[in-house]
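Novice: Can you read through this structure? Questions will come right after.
The values are calculated or read from the model by the stated rules, or taken from the named source; none is laboratory data. The structure displayed is predicted, hence computed values, not measured ones. Here the Cβ positions follow ideal geometry from the backbone for every residue, glycine too, while neighbour counts run over all protein chains shown. Surface accessibility is based on the protein's heavy atoms, side chains included, excluding ligands, DNA and RNA. Shrake-Rupley method; radii C 1.70, N 1.55, O 1.52, S 1.80 Å.
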Amino acid sequence: MFLPLRELGHDARASTEAGLVGFVHAQVRNAAPGLPQGFAARLLERGRLLLLFDGLDEVPDRAARARVANAIERLGRHFPDAVSVVTCRFAGYGGAARLGAQFLELHLRPLTREQAEEFVRNWYRIVETGLAADNAAGEAEARRRSDDLLSRLKEPEFRSARLVEMTRNPLLLANLCLVHRDRGALPRGRARLYDECVDVLLERWRESKALGVSVTAEVGRRVLQPAALWLHGEEQRTRASAEELAPVIEPALAAAKWQGGGAADFLRKVRDESGLLTGWSENQYGFMHLGFQEYLAACELKRRACEGDTAVLAELAAHYGQSWWLEVILLLLSMGNPSLFVPFMRELVKHDAFARDLPEWNLLLEDAAEVSPLPFVEVLERAPGKDGALWLRQARAFAVLDRLGESAALDRLQERLAKHPSKAVRDWVRVRSTRDAFAKLGGPLISAKGGVELVSIPAGTFSMGSPPDERDREADETQHEVTLSAFELGKYTVTNEQYARFLAENPGAREPELWSDRRFNQPNQPVVGVSWDEARAFCAWAGGRLPTEAEWEYACRAGTTTRYWSGDEETDLARAGWYGGNSRGQLHPVGEKPANAFGLHDVHGNVWEWCADWYGEFPTGATQVDPTSPASGDSRVLRGGSWFSHARRALRAPRPRRPGRPRPQRRFSFCPRSLRLVE
């Protein structure tokens, strides 16, 4: 029996066992009015009955939710042969509403790749054999279609962290199956994919089941777009009450001439009929996946900009560099007809953030439906005057034009820019684009593959380990002298975006643990959940290797002798890295904290980093020159600490060790480990 608890509404009968039995009887009568009187009661008494209580979180308030939970427990005791399954989102579960010890509590995880493939094959087999007159023909058609879809899902686009989530959520994966079957193929690009899925969620799947559609896709988009943009206006906000959303969506309802009632009626219809909105409680609404909120927010920005409200692009440009807004910007730029690349970039180049060397810049150019040099040429044509901030933006504009290969525009500007008051601009004019020239100028070095930015680490001698009197010192940190040759090391830990390029070129490579978890798979977050072997494979593909333990510590210290490169106290650590005391329990994008004297970010905290070495005792005696790993061992060395580590774990000397494969952790699914690249 399927028993949607939201239909209890404010009915107080469910606060008793008898009342809940009455609700079961009512649901049976509603589902099958022709059944004889007392049919549900006889089923309960017979036993061997599965009661599916759906959406405990959708009972209106906490007190009512607790009464319903208690009634479900009593019902289970009264009918011991009937099995109760209760679903509830995290937001509505806890306290007095938590079910007792007789219930096994299960937390759903995203599908694995293997489970997703099985899902697709099962879905197509059920659909095609159900429609075909001949079962064998249906089976053959199911194999053909599922093979085609699975082949598409293995392409680089769907192995990216930004889309892999869609293939691991059962509802979204079912939508992809529907879109694929309806169109014969999946559209290219995230924006077009979201567009098709919105249509499926709002309209097409109900039409296919002859259920009727009360909110068409056109009306749904028109009303939900402003709601999505309003929600996204507050960082990390993904839900709101009907009362909060009403002033936002009522003007759109009026413009769309929807005849189904007010804002609360619209929200309930979309929640109950489409699945695009989910109810976090009876009166709390949010999009079933953050990607839909981001996509619809981008659609609303485009609608307003195309209708003449150019201020929205200025406001969006002010969010550049904020990870919460990155996907909205990328989706907006990926939409064509018309493309908003030029008007958006004209606003972006006004901001100092444009001059910053942010990891997401390449994504903006790669995802854009159309790219034009015009906004960057316009910046360079401005008189530099004495505005140092403008000089930095002009240097960045020159770099962008060089990356785009706009030689004609640069040649035309070269004579004037050669006399620019900024040395950075003059250097760009003097030497354009070659890797060796950039290195001589102190410009960026980029790995052979993957787009990993490297910094040059000079040769030198340092005291590795920690002095005997340092607090929080561990026994295996014996201090000794080490001399190292110069090397190049990743400016940041390797990001999800960079690792996705590795996966795209290596179809047989395993996706990292948590690759489909949105908390850990944003493009500019460090990749987590990679084994030592996988970290080594990435480095080899990119043209480098993992750092030795000595190289890592030398680069982390950057000439300092304090507990952290930033000082001796925990407040100094808080300035330099994310750890348990300041991370708010979450992984952060790379580069949010200042770099050390060598130009390296996040060497303290955020994610553990693999080193090349087997774990072993430090040597004593003579100075070690370019020391290498012990010949063998049973575990590899990690360095740096993570966002949930104690401050002492983020020191530059502690050397935790782990087997090469990620191990389960009590608090998080897998110990997050990342990597830096050495060339």
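Novice: Being in contact with a helix residue (DSSP H, G or I) (Cβ under 9 Å, 6 or more places away or on another chain), touching a residue at least 24 places away in the same chain (Cβ under 8 Å) and either crowded, with 18+ Cβ neighbours inside 10 Å or assigned to a helix (DSSP H, G or I) (or both) is the requirement here; does Ala26 meet it?
Specialist: Judged against the criteria, Ala26 is not a match.
Novice: Do we have Leu326 as out of contact with any Gly (no Cβ under 8 Å at 6 or more places or on another chain), modelled with pLDDT of 95 or more and within 30 Å of Val164 (Cβ to Cβ) here? Spell out the reasoning first.
Specialist: Details: out of contact with any Gly (no Cβ under 8 Å at 6 or more places or on another chain): yes; modelled with pLDDT of 95 or more: no; within 30 Å of Val164 (Cβ to Cβ): yes.
In short, no.
Novice: I need the full set of residues from the range 307-334 which are under 20 Å from Trp230 (Cβ atoms), not in a helix (DSSP H, G or I) and not small (Gly, Ala, Ser), in order please.
Specialist: Glu307, Asp309, Thr310, His319, Gln322
Novice: Quick one: would you say Gln259 is among the polar types (S, T, N, Q) and either within 20 Å of Asp195 (Cα to Cα) or under 24 Å from the mean Cα position of the chain (by Cα) (or both)? Before the answer, list the steps.
Specialist: Numbers: among the polar types (S, T, N, Q): yes; either within 20 Å of Asp195 (Cα to Cα) or under 24 Å from the mean Cα position of the chain (by Cα) (or both): no.
Answer is no for this residue.
Novice: Got at least one residue in the range 198-210 being surrounded by fewer than 16 Cβ atoms within 10 Å (Cβ to Cβ), without any contact (Cβ under 8 Å) to a residue 24 or more places away in the chain, assigned to a helix (DSSP H, G or I) and hydrophobic (A, V, I, L, M, F, W, C)?
Specialist: no
Novice: Hey, among Glu570, Glu617, which residue is surrounded by fewer than 23 Cβ atoms within 10 Å (Cβ to Cβ) and more than 23 Å from Phe462 (Cβ to Cβ)?
Specialist: Numbers: Glu617 fails: more than 23 Å from Phe462 (Cβ to Cβ).
The conditions single out Glu570.
Novice: Does Leu56 satisfy the condition of being modelled with pLDDT of 85 or more, over 26 Å from Ala96 (Cα atoms) and surrounded by 15 or more Cβ atoms within 10 Å (Cβ to Cβ)? Spell out the reasoning first.
Specialist: Numbers: modelled with pLDDT of 85 or more: yes; over 26 Å from Ala96 (Cα atoms): no; surrounded by 15 or more Cβ atoms within 10 Å (Cβ to Cβ): yes.
So Leu56 fails the test.
Novice: A further question on this structure: Name the single residue that is nearest to Glu117 (Cα to Cα) among those in the range 127-154 being without any contact (Cβ under 8 Å) to a residue 24 or more places away in the chain and of a type in the set (D, E, K, R).
Specialist: Narrowing the range 127-154 to residues without any contact (Cβ under 8 Å) to a residue 24 or more places away in the chain: 128-144, 147, 151.
Subset that is of a type in the set (D, E, K, R): 128, 134, 139, 141, 143-144, 147.
Working: Glu128: 17, Asp134: 24, Glu139: 16, Glu141: 16, Arg143: 12, Arg144: 14, Asp147: 9 Å.
The residue in question is Asp147.
Novice: Quick one: which residue in Ala314, Ala369, Ala318 is among the small types (Gly, Ala, Ser) and open to solvent by less than 50 Å² (accessible area, probe 1.4 Å)?
Specialist: On the way: Ala369 fails: open to solvent by less than 50 Å² (accessible area, probe 1.4 Å); Ala318 fails: open to solvent by less than 50 Å² (accessible area, probe 1.4 Å).
Going through Ala314, Ala369, Ala318 in turn, the sole match is Ala314.
Novice: Sticking with this structure for a sec: All but one of (1) open to solvent by 60 Å² or more (accessible area, probe 1.4 Å); (2) aliphatic (A, V, I, L, M); (3) at pLDDT below 90; (4) within 28 Å of Pro170 (Cβ to Cβ) hold for Val83; which doesn't?
Specialist: (3)
Novice: Can you pull out the residues in the range 121-139 that are assigned to a helix (DSSP H, G or I) and either of a type in the set (D, E, K, R) or exposed (fewer than 14 other Cβ atoms within 10 Å of the Cβ) (or both)?
Specialist: At the first step, the residues of the range 121-139 found to be assigned to a helix (DSSP H, G or I) are 121-131, 135-139.
Across the range 121-139, the qualifying residues are Arg121, Asn122, Arg125, Ile126, Glu128, Gly130, Leu131, Asn135, Ala136, Ala137, Glu139.
Novice: Tell me whether the range 241-264 contains one or more residues that are in contact (Cβ under 8 Å) with a residue 40 or more places away in the chain, of a type in the set (Val, Ile, Thr) and open to solvent by 10 Å² or more (accessible area, probe 1.4 Å).
Specialist: From the range 241-264, those in contact (Cβ under 8 Å) with a residue 40 or more places away in the chain are 241-243, 245, 258, 260; that's our starting set.
Now drop any that are not of a type in the set (Val, Ile, Thr), which leaves none.
No - not one qualifying residue is present in the range 241-264.
Novice: Okay, moving on. Here are the criteria: (1) under 24 Å from the mean Cα position of the chain (by Cα); (2) surrounded by fewer than 24 Cβ atoms within 10 Å (Cβ to Cβ); (3) assigned to a loop (DSSP other than H, G, I, E, B). Tell me which single one Gly559 does not satisfy.
Specialist: Going through the list (1) under 24 Å from the mean Cα position of the chain (by Cα); (2) surrounded by fewer than 24 Cβ atoms within 10 Å (Cβ to Cβ); (3) assigned to a loop (DSSP other than H, G, I, E, B), Gly559 breaks only (1).
Novice: So, in the range 372-391, exactly how many residues are open to solvent by 60 Å² or more (accessible area, probe 1.4 Å) and either under 15 Å from His319 (Cα atoms) or more than 33 Å from the chain's Cα centre (by Cα) (or both)? So that I can check it myself, show each step before the final result.
Specialist: Within the range 372-391, the subset open to solvent by 60 Å² or more (accessible area, probe 1.4 Å) is 374, 378, 381-383, 386-387, 391.
Filter once more, keeping what is either under 15 Å from His319 (Cα atoms) or more than 33 Å from the chain's Cα centre (by Cα) (or both): 378, 381-383, 386-387, 391.
Of the residues in the range 372-391, 7 are open to solvent by 60 Å² or more (accessible area, probe 1.4 Å) and either under 15 Å from His319 (Cα atoms) or more than 33 Å from the chain's Cα centre (by Cα) (or both).
Novice: Let me ask you something else. Restricting the search to the range 518-530, which residues are modelled with pLDDT under 85 and either among the polar types (S, T, N, Q) or surrounded by 21 or more Cβ atoms within 10 Å (Cβ to Cβ) (or both)? So that I can check it myself, show each step before the final result.
Specialist: At the first step, the residues of the range 518-530 found to be modelled with pLDDT under 85 are 518-519, 521-524.
Selection gives Asn521, Gln522, Pro523, Asn524.
Novice: When you go through Thr478, Thr495, Thr548, Thr483 one by one, which is the residue that is surrounded by fewer than 18 Cβ atoms within 10 Å (Cβ to Cβ), of a type in the set (S, T, N, Q) and within 26 Å of Leu573 (Cβ to Cβ)?
Specialist: Values: Thr495 fails: surrounded by fewer than 18 Cβ atoms within 10 Å (Cβ to Cβ); Thr548 fails: surrounded by fewer than 18 Cβ atoms within 10 Å (Cβ to Cβ); Thr483 fails: within 26 Å of Leu573 (Cβ to Cβ).
The unique qualifying residue is Thr478.
Novice: Do any residues in the range 474-500 that are on the phi > 0 side of the Ramachandran plot have Cβ atoms under 6 Å from those of residues that are modelled with pLDDT of 90 or more and in a loop (DSSP other than H, G, I, E, B), where the two are at least six apart or on different chains, and which pairs are they?
Specialist: From the range 474-500, no pairs qualify.
Novice: Please find, among Ala509, Ala535, the residue that is surrounded by fewer than 23 Cβ atoms within 10 Å (Cβ to Cβ), farther than 26 Å from Gln322 by Cα and of a type in the set (A, V, I, L, M). Write out each step before concluding.
Specialist: Working: Ala535 fails: surrounded by fewer than 23 Cβ atoms within 10 Å (Cβ to Cβ).
Result: Ala509 is the single residue among Ala509, Ala535 that is surrounded by fewer than 23 Cβ atoms within 10 Å (Cβ to Cβ), farther than 26 Å from Gln322 by Cα and of a type in the set (A, V, I, L, M).
Novice: What number of residues within the range 98-120 are more than 23 Å from the chain's Cα centre (by Cα) and surrounded by fewer than 17 Cβ atoms within 10 Å (Cβ to Cβ)?
Specialist: Final tally of qualifying residues: 9.
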